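These notes concern the structure reproduced below.
Each reported figure results from applying straightforward, stated rules to the coordinates on display, with no laboratory input. Keep in mind that what you see is a predicted model, and the values were worked out from it rather than measured. Neighbour counts are summed over all protein chains in view; Cβ atoms, including those assigned to glycine, are modelled from backbone coordinates with ideal geometry.
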Ligand code: PMP
């Protein structure tokens with residue numbers, strides 16, 4: 001995507017991101033030059049294995065763990081499923097009398113919530129969803145008293161770091177001591193924060209994280225389930241069988257080009273972190289300020305930009321008297337935005353995140369989400385702001 005090309009302008013980066021040209025050219029190189037099976041014991045296999053080990057090392061460096069703790073998956077959805085189901089299976093294989101108890105937030109991604117609901121239906125777990133305030137942040141003192149009342153063991157926390165709809169960032173650092181006190185396993189879905197909020201197991205020593213390559217300018221169909229150490233991996237039973245790849249947790253011939261692609265995207269996000277984050281923040285503030293100046297009635301959903309608890313690049317606004325679907329649809333060939341998360345709009349369901357922050361169904365119909373990336377330019381943002389305002393005024397006048 002050329003930075004200065006206008007329009008159409010891509011502002012749906014919480015849904016997915018454009019593959020960076022450097023990633024594309026590396027993937028193309030791998031596809032033509034490194035096609036061997038990485039498990040094969042000959043030069044073709046070794047070339048593919050080398051690509052994979054470089055990428056594995058790169059992701060391990062990004063997350064502050066060792067390369068043996070990186071499990072490549074097809075994305076964050078699969079990583080979350082492997083983790084949650086695998087924890088339940090392992091716990092029950094050790095002690096079939098004690099069903100594990102899961103603790104998550106009400107606003108987790110559906111790839112965390114649905115596996116939990118499914119496991120509970122099969123009587124493989126019980127769960128508690130922590131309440132959040134109207135900005136989508138969990139309340140630590142309420143959490144503490146909820147935890148005090150929970151006596152079940154084993155316990156698993158699965159708390160997302162950044163929310164894909166309203167951008168709230170949960171206080172993993174503050175939650176970790178509470179989880180540790182209870183002897184809980186701690187997992188976080190960090191899919192939205194890569195390249196925007198630093199995360200390292202060294203500073204935040206939780207047990208495991210999930211992420212997806214296409215959210216930070218890598219390819220689709222590749223993700224990571226990463227662990228802090230080998231002890232954490234042992235707490236998860238494999239869901240699949242038939243191969244020893246990826247510590248046995250994700251068997252099957254691994255995809256050299258996709259792994260190379262996520263490795264390259266990860267390297268770029270690490271090396272250009274400060275520059276990209278500052279750019280994303282500037283562009284985000286510029287877009288929001290322009291919109292708010294001309295349409296003062298818009299309301300930002302989720303934490304404020306100044307709070308320090310908002311995911312950089314995420315704007316989610318309620319525009320009174322406007323149908324979010326109509327605005328997005330009328331601008332769909334000019335500016336790509338969304339009414340809520342792409343996963344939910346496909347399923348045609350009402351957003352559980354907007355419900356959890358107390359929005360009425362009526363208000364939720366007026367919500368629009370924009371996601372800004374470092375691959376956007378100021379010119380694009382200025383153009384987008386003027387087009388969005390123009391369209392809102394036009395819709396209101398009709
Ligand atoms: N978790 C979060 C927070 C996400 O935003 C997404 C993607 N919308 C996922 C998990 C799932 O990622 P994928 O579709 O790549 O598996």
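Some values worked out for this structure:
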quantity: Geometric extent, Cα atoms of the range 264-303 - Rg, Dmax (angstrom); calculated: 14.3, 42
quantity: Rg/Rh ratio calculated on Cα atoms of the range 229-315 (Kirkwood radius); calculated: 1.21
quantity: Label-point gap, in nm, between residue 293 and residue 152 - each point 7 angstrom along Cα→Cβ; calculated: 5.3
quantity: CD proxy at 222 nm, helix term only [per DSSP H run n ≥ 4: -39500 (n - 2.57); per residue of the chain; nearest 500]; calculated: -13000 deg cm²/dmol
quantity: Protection-proxy order for peptides 56-69, 189-202, 133-146, each taking the mean of Cβ atoms within 10 Å per residue, highest first; calculated: 189-202, 56-69, 133-146
quantity: The range 297-319 versus the range 115-138: alpha-carbon centroid distance in Å; calculated: 25
quantity: Distance between the range 1-61 and the range 145-194 - C-alpha centres, whole angstrom; calculated: 31
quantity: Whole-number D in µm²/s for the range 134-236 (Stokes-Einstein; Kirkwood sum over Cα pairs; 10 °C, 1.306 mPa s); calculated: 108
quantity: Under the Debye formula (equal points on every Cα, no solvent term), log10 I(q)/I(0) of the chain at q = 0.06, 0.07 Å⁻¹; calculated: -0.24, -0.33
quantity: DSSP-defined beta bridges in the chain - what % are antiparallel, rounded to 5; calculated: 55
quantity: GNM result for the chain, Cα springs below 10 Å: residue of 250, 299, 310 fluctuating most strongly; calculated: 299
quantity: Ranked packing of 154-164, 92-102, most packed first, by mean Cβ within 10 Å; calculated: 154-164, 92-102
quantity: Inter-probe distance in nm under a simple model that places probes 7 Å from Cα toward Cβ, at residue 334 and residue 120; calculated: 4.4
quantity: Three-way shape call for the range 111-163 based on the alpha-carbon gyration tensor, with the a/c threshold at 1.5; calculated: oblate
quantity: Relative counts (whole %) of C-alpha pair distances in the range 12-70, using bins that are 5 Å wide; calculated: 4, 17, 16, 19, 21, 15, 5, 2, 0
quantity: Cβ crowding within 10 Å averaged over residues, with 327-335, 251-259 ranked highest first; calculated: 251-259, 327-335
quantity: Cα convex hull volume per residue for the range 227-268 (Å³); calculated: 79
quantity: Anisotropy class of the range 1-157 from Cα gyration tensor, a/c 1.5 cut; calculated: oblate
